[in-house]
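These notes are about the structure you will find just below.
The values are calculated or read from the model by the stated rules, or taken from the named source; none is laboratory data. The structure presented is a predicted model; accordingly, all values stated were derived computationally and were not measured. Note that each Cβ is placed from the backbone with ideal geometry, even for glycine, and that neighbours are counted across all protein chains shown.
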């Protein structure tokens, strides 16, 4: 057992990387390197639904690889510069499609930080 709590508690406050990647659908984006270092962490995590999309500006630039328009939700698989694929869960009517250049900005209040041991900071 990695963590005990209600599903919502685990979703909101995962105690380690395993729980962070296990709870939620699509699962949390886990990012290492310079973006994580800027937040004083080895790894940062951001859930797909906690990313703001813009066609003009943002923290991370990328290209939409897949856009799954599913009615109330749209799932995007965005190839970002230097971060790899970032999964995004957006409003069902988001006007982006395959090949579009977009910018993603994580909600700073929803950013999760993890240390070198994989535990939440």
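Quick notes
- Filter result (over 17 Å from residue 103 (Cβ atoms) and either at pLDDT 95 or above or touching a helix residue (DSSP H, G or I) at 6+ places or on another chain (Cβ under 8 Å) (or both)) within the range 23-32: 23, 24, 26, 27, 28, 30, 32
- Every condition in (1) surrounded by fewer than 18 Cβ atoms within 10 Å (Cβ to Cβ); (2) within 12 Å of the chain's Cα centre (by Cα) is met by residue 68 except one, and the failing one is (2).
- The range 27-49, subset in contact (Cβ under 8 Å) with a residue 60 or more places away in the chain and part of a loop (DSSP other than H, G, I, E, B), residue surrounded by the fewest Cβ atoms within 10 Å (Cβ to Cβ): 40
- Among the residues of the range 5-25, those identified as assigned to a helix (DSSP H, G or I), touching a residue at least 60 places away in the same chain (Cβ under 8 Å) and crowded, with 18+ Cβ neighbours inside 10 Å are 17, 20.
- Residue match in the range 55-70 (condition: out of contact with any strand residue (DSSP E or B) (no Cβ under 8 Å at 6 or more places or on another chain), outside any helix (DSSP H, G or I) and closer than 29 Å to residue 117 by Cα): no
- Some residue of the range 74-83 being buried (at least 19 other Cβ atoms within 10 Å of the Cβ) and more than 13 Å from the chain's Cα centre (by Cα): yes
- When we screen 113, 89, 52 for residues that are out of contact with any helix residue (DSSP H, G or I) (no Cβ under 7 Å at 6 or more places or on another chain), in a strand (DSSP E or B), under 21 Å from residue 19 (Cβ atoms) and at pLDDT 95 or above, the only hit is 113.
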